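Participant: Just dropping this structure here.
The values are calculated or read from the model by the stated rules, or taken from the named source; none is laboratory data. Treat the numbers as computed from the prediction; the structure is a model and nothing was measured. Every residue, glycine among them, receives a Cβ derived from its backbone with ideal geometry; neighbour counts consider all protein chains shown. Note: accessible area is taken over every heavy atom of the protein model, side chains too, but ligands, DNA and RNA are not part of it. Shrake-Rupley method; radii C 1.70, N 1.55, O 1.52, S 1.80 Å.
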Amino acid sequence: MADPLAAPNPRRLVGNALLMATSCFASLGVFLFGFDQGVMSGIITGPYFKAYFHRPNRYELATMVAILEIGALVTSLLSGRVGDIFGRRKTLLAGALIFTLGGMFQTFTTGFKVMVFGRILSGFGVGFLSMIVPVYQSEISPADHRGKLACIEFTGNIIGYASSVWIDYFASFLLSDLSWRGPLFVQCIIGSILAIGSLVIPESPRWLLDMDMDEEGMRVLADLHGEGDPENEVAREEFREIKENVLAERLIGDRSYKAMFTRYKFRVFIAMSAQAFAQLNGINVISYYAPLVFESAGWIGRDAILMTGINGLIYVLSTIPTWYLVDIWGRRPILLSGALIMAFALSSVGYFLYLDKSYTPTAVVVSVITFNAAFGFSWGPIPWLFPPEILPLAFRVKGVSLSTATNWAFNFIVGEATPILQEAIRWRLYTMHAGFCLVSFVCVYFLYPETMGVPLEEMDALFGDSSSRDLESASLVRSHTPSHSTDPPTLAKRASEAHAHLPPNASAPSLWAGMMGWFSGAAKGKGSGRQGVANYQSVRSGETDVEGEESG
């Protein structure tokens, strides 16, 4: 095992260079499922694809496109355990390998059933990747840049989407089955690169410390936040805070899904609802079926793919301002403004399709581009940022697996229903999703807290939802641990001593009592952005003691 006190190697990437390189490489994971979302939208309108699959009807198209979400839903639930047991890197490796194998089945498919099997298999890989990449990103990022790095990661997703559309467009000029097999094979190449890269990027320091690999965890923290110097005060202080938090959570004991719902139900609600709204707000009506949307407005064949490609480029550019604004404005203002613009844009799409005038094709393109830009600025990146940053380490992977599963469940519902509803209710489909945008606005305004700048280990103070045992455990560990101590054995010994001071009957409140308390708090405005910030600032300034935190 590497010695954390060894002198830094000048040839090794450290500091911001390592952080940015690792973030960009991990973003290949979200690039992959962004690529997959876009690649199907372009090939399903191609003449060779239609001929090979014998002119598939809307139900068959919906199944081929949306069945991937079923596979993703399954493994996003399983990955909660896999990520905790095997670590973030190995989970990333598994996702990349499985996705690549599924891409091979799609590329060399011999018919509808093999294509569906390949889509499900790729979905298994996507489930792992879409869960573990945001967790990994949040755990290697410093608090003051966590939002920016997560938003850069989402930009990788949209670059994947835009790239696939343009590859579809240029492949459409090929007069053979390569016009659709070629784009499908590209995802296999990218998946292979990600699999190789996952072998060299550092493991999450928080997972390492949770597994008592303290020397390795200290080395990674020194590389990421201490310019490779294990004596760096920032890296040592972060080590101490993370390790204290790990030990305090161990005193709690129960790390089951039931315990998570009992103690952190409000955080789980935010994590899951954010992902649900991201889909209900209508993005996959556009991402999966943009060429069909443009065809319904009057753009035919290759022109529909071209319009989708132009839309994809603007979509990418719209994600960039959020890199800077997410840690300046905060999460709430971005979500609120995005919801309003998206509602207006989707209503416009429905209205212009209803009018069916000569200017409808141009008006629909402008409205769709406006919608995509607003989504890329707001409801695209933030729902992936929220879950891993608001959930405590002991439950982070479990909670993110549930939020990711929610994403894929609603992804499947929207993806499966869209082609059918486009025929059944036509322009009304877009006004329906505009209504969901308004519902999401109300939900964010009254319930979502502002997490900007709050360290992961201090989210308890923001939410005020920890049980009495959580708070007392943390207090005892910290009171028994000298502020200068970064020695893992010392921390473990202090935690053992703190455990002896816990009352024998201390336990988390019952699930029913917790639910009633949450609804009561929500009705009084608990959990709103303003109240959450007040709670956090109060604790940070030392004005709130353990008993006050418990009462929230």
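Participant: Please verify whether Gly160 is open to solvent by less than 10 Å² (accessible area, probe 1.4 Å) and either in a helix (DSSP H, G or I) or in contact with a Leu (Cβ under 6 Å, 6 or more places away or on another chain) (or both), treating the condition exactly as stated.
Facilitator: Values: open to solvent by less than 10 Å² (accessible area, probe 1.4 Å): yes; either in a helix (DSSP H, G or I) or in contact with a Leu (Cβ under 6 Å, 6 or more places away or on another chain) (or both): yes.
Judged against the criteria, Gly160 is a match.
Participant: Any idea which residue in the range 110-140 is farthest from Phe31 (Cα to Cα), counting only those that are open to solvent by 10 Å² or more (accessible area, probe 1.4 Å) and hydrophobic (A, V, I, L, M, F, W, C)?
Facilitator: Phe112
Participant: Just name the residue that is farthest from the chain's Cα centre (by Cα) out of those in the range 156-194 that are more than 14 Å from Ala304 (Cα to Cα) and charged (D, E, K, R).
Facilitator: Per the criteria, the residue is Asp177.
Participant: Among the residues in the range 76-95, are any open to solvent by 70 Å² or more (accessible area, probe 1.4 Å), assigned to a loop (DSSP other than H, G, I, E, B) and either touching a Gly at 6+ places or on another chain (Cβ under 8 Å) or without any contact (Cβ under 8 Å) to a residue 40 or more places away in the chain (or both)?
Facilitator: no
Participant: Within the range 447-454, identify whether any single residue is open to solvent by 10 Å² or more (accessible area, probe 1.4 Å), assigned to a helix (DSSP H, G or I) and either in contact with a helix residue (DSSP H, G or I) (Cβ under 8 Å, 6 or more places away or on another chain) or closer than 30 Å to Val234 by Cβ (or both), and answer yes or no. Walk me through how you get there before you give the answer.
Facilitator: Here is the first cut: in the range 447-454, the residues open to solvent by 10 Å² or more (accessible area, probe 1.4 Å) are 447, 450, 452-453.
Remaining after also requiring assigned to a helix (DSSP H, G or I): 447.
Now narrow it down to the ones that are either in contact with a helix residue (DSSP H, G or I) (Cβ under 8 Å, 6 or more places away or on another chain) or closer than 30 Å to Val234 by Cβ (or both): 447.
Checking the range 447-454: at least one residue is open to solvent by 10 Å² or more (accessible area, probe 1.4 Å), assigned to a helix (DSSP H, G or I) and either in contact with a helix residue (DSSP H, G or I) (Cβ under 8 Å, 6 or more places away or on another chain) or closer than 30 Å to Val234 by Cβ (or both).
Participant: Among the residues that make up the range 175-186, is at least one of them free of Cβ contacts under 8 Å to residues at least 24 places away in the same chain, closer than 20 Å to Leu97 by Cα and not charged (D, E, K, R)?
Facilitator: Yes.
Participant: Could I ask something else about it? Could you list all residues from the range 96-109 that are open to solvent by less than 10 Å² (accessible area, probe 1.4 Å) and in a helix (DSSP H, G or I)?
Facilitator: Applying the first criterion (open to solvent by less than 10 Å² (accessible area, probe 1.4 Å)) to the range 96-109 yields 96, 99, 102-103, 106-107, 109.
Those that are open to solvent by less than 10 Å² (accessible area, probe 1.4 Å) and in a helix (DSSP H, G or I): Ala96, Phe99, Gly102, Gly103, Gln106, Thr107.
Participant: Could you grab me the full set of residues in the range 224-243 that are open to solvent by 10 Å² or more (accessible area, probe 1.4 Å) and either β-branched (Val, Ile, Thr) or outside any loop (DSSP other than H, G, I, E, B) (or both)? If you could, list the steps in order and put the result at the bottom.
Facilitator: Initial filter on the range 224-243 (open to solvent by 10 Å² or more (accessible area, probe 1.4 Å)): 225, 227, 229, 231-234, 236-238, 240-241.
Matches in the range 224-243: His225, Glu233, Val234, Arg236, Glu237, Glu238, Arg240, Glu241.
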